[in-house]
1. Explain nothing, just compute: Karplus ³J(HN,Hα) = 6.51 cos²θ - 1.76 cosθ + 1.60, θ = phi - 60°, for every residue of the stretch A:82-88 in order, whole Hz, x for Gly and Pro.
2. Give me the angle, in degrees from 0 to 90, between the Cα long axis of helix A:96-107 and the longest principal axis of the Cα atoms of chain A, rounded to the nearest 10.
3. At B:ALA477 and A:THR11, where each label point lies 7 Å from the Cα along Cα→Cβ, what is the point-to-point distance in nanometres?
4. At a 10 Å Cβ-Cβ cut-off, how would you order B:TYR226, B:TYR11, fewest neighbours first?
5. Explain nothing, just the number: relative contact order of chain B, from Cα pairs under 8 Å at least 6 residues apart, as a whole percent.
6. Determine the gain in length on full extension of the stretch B:ASP326-B:ARG239; use 0.36 nm per residue of separation and subtract their C-alpha separation, reporting nm with one decimal.
7. Per DSSP H run of n ≥ 4, the term is -39500 (n - 2.57); total these for chain B, divide by its residue number, and report the mean residue ellipticity at 222 nm rounded to 500 deg cm²/dmol.
8. Over the whole of B:436-444, what's the average partner chain Cβ count within 10 Å per residue? Rounded to a whole number, please.
Amino acid sequence: MTTTEPQPGRTVAEVVTDTVAAMAGQRGALLPILHAIQETLGCVPREAVPVLAERLNLSRADVHGVVSFYHDFRSEPAGRTTVKICRAEACQAVGSGQLVDHVRDRYGMELGETRSDGALTVDQVFCLGNCALGPTVQVGARLHGRVDPARLSDLIDSALAS
Amino acid sequence: MSPVTPAVTVYVPGDSAARSVGADEVAAAVLRAGARVGQPIHLVRNGTRGMLWLEPLVEVVTPEGRIGYGPVEVADVDGLVDAGLFSGGEHPARVGVVDDLPWMVSQDRLTFARVGVVDPLSAEDFLANGGLRGLRRALEMSPDEVVEEVTASGLRGRGGAGFPAGVKWKTVLGCDEALKFVCCNADEGDSGTFADRMVMEGDPFLLIEGMAIAAHAVGATEGFVYIRSEYPAAIATMRAAIEIAAWHGWLGDGILGTPLKFSLQVRVGGGAYICGEETSMLESLEGKRGEVRAKPPIPAIHGLFGQPTLVNNVLTLTSVPAILGDGAAAFQRLGVERSRGTQVFQLGGNIRRGGVVEKAFGVTLGELVEHYGGGTRSGRPVRAVQVGGPLGAYVPPTDFGLRMDYEEFQAAGAMVGHGGVVVFDDTVDMAAQARFAMEFCAAESCGKCTPCRIGSTRGVEVIDRITAGENPDENLALLEDLCEVMTDGSLCAMGGLTPLPVRSALAHFAGDFLEPRIQPRRPLPLSTAPRQETA
């Protein structure tokens, strides 16, 4: 399986067409294709939907229905740093609520929001599978356990500075 | 010139949980310290032993056995090395021979026998530690005999529902279609559960072996492992393991020199909790919205792309190699009543010694929380324990005598589920937890059936009215009514079981609803995930 390499100057339609050409042979290909498009473009833009529909012989409504069903697929790119705070029960039991409050108080951001300068996205997640070492926060691709508000600030600030 | 110093083998877990508290940095520091003192090191990034409070747990191979040190921070490493880390020297962080620790010795590790012990992607380690014993024996048997063995073991689905595995396997075997599938449900979204992730990261070949046995037993030629996108390390490890297994002839055409043909691939979820429901997972695998299907038809007969499909959880499939390897009787001897074998209990939340306890069914909840878990991490009294994920009941300490047994828990209005045990101390507001159960259901409902889609939102509202003191008696009756409708009228366990945590919170902690413990409560928006507008 080959995924498309990001090339500057390619249009959304070209990226979608190339991705479909490389991956459409597998069974139930739409989800893997959407993941690959998001990997390349940082999101699944609205203009990708009609191209996908045509290439995969689906209706636009079908494709839109799938894209909008899954929390993972974004219509606009996330901020350069993404922070996901686990809000599931095991992390609640050790104070993940304080982390949500901290992000609101210190950074003025609600969960699900991207800062206007595109530097930071803060989101919630329900369980990262680190339930004995919570509260757990994911910054970029990296998992962090036993995070308190001070450590969360360190993580966010150093990610923003780099 | 001094003779060449032999290399010492050092294990530093590469498991996501260990890495979340600095295992990568510790591994690098150990290598640097080795170079500083001229000690060559053979570093192995194993899975975790499951003693998560000791992570990062560094193990050194000595003539005595594998000596553990934990938890180790980067700043400790030089001091450890100077204290004789590489020969198992004394240090306050030294825990002794890991295999001899009472916490390990008293467990019944079948599924987790190799997790934390071996290099996860070493085929050599896998074979040297009993790998493929189950598959080799299965391949000497007819499919009927393998199914009979699984049935005789008493194995029930470990994903939560506890459906007898042998019955499902027999149904798929009985279908005549040429194309059948084996799908592993690795969409482990329940809070407080992490055993699927750990076994995929720590012993991926075990799952492959279990799925190959299943393929032989039911006559399937293609398989999928559906892993949630929140588990990137498990996805990468499984993909690498599948390539290695294919290279060794454990997958593909002519497995281990027999006519068995079975190909396997990993599919990544899209961040939807509901896709852990088996029919929703099948829809997702087909590239569709993860909406629950009405049953019947059951997936065993009409499953993925309409073909007969065996759907089992990771822990079900990873129990199978031991059943085939040691025989059904050995597995059946463990456990109580109709709950046979072991369950991988996962201790999380506010707990002093969190991690994985694989134990025969019949262990009490109190033994898990107090004996293994050591009570709360905060040191405060335990107030409630949620067993079986976000759809499981909250159990008070007065019920700690309950034995882990599907039927005993069900009779007490609770469920064993996937074996997750989440501990809360006495600061918890149980009305807020009940509200969260409804909020979670509203955020994660697939939207297909009304009791779940609408009921959950109404549930949040009515709990808010109760805690605000608005007509509490009337609203409590309304909540009870709503719970009944959701339980009886929902299409799947999502809406059907959300009332379980709510009702248990009401039954055991009614005071929290009427005299809110934390004021004022700041409600969060129901769903904060970015949603797209209608096209």
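1. 10, 10, 10, 9, 6, 10, 7
2. So the inclination is approximately 80 degrees.
3. Reported label-point gap for B:ALA477 and A:THR11 is 6.5 nm.
4. B:TYR226, B:TYR11
5. Details: 1114 pairs, mean separation 67.0, N = 535.
Rounded, it is 13 percent for chain B.
6. Working: separation 87, 0.36 × 87 = 31.32 nm, distance 2.80 nm.
Residue separation times 0.36 nm, minus the Cα-Cα distance, leaves 28.5 nm.
7. On the way: 22 runs with 203 residues, N = 535.
Rounded to the nearest 500, the figure is -11000 deg cm²/dmol.
8. On the way: counts 4, 1, 0, 1, 4, 0, 0, 4, 2.
Neighbouring Cβ atoms belonging to other protein chains average 2 per residue here.
No value in this document is a laboratory result; all are computed from the given coordinates. This one's a predicted model, so the numbers in the text were calculated from it and none came from an experiment. Glycine gets a Cβ as well: all are built from the backbone with ideal geometry, and neighbour counts include every protein chain shown.
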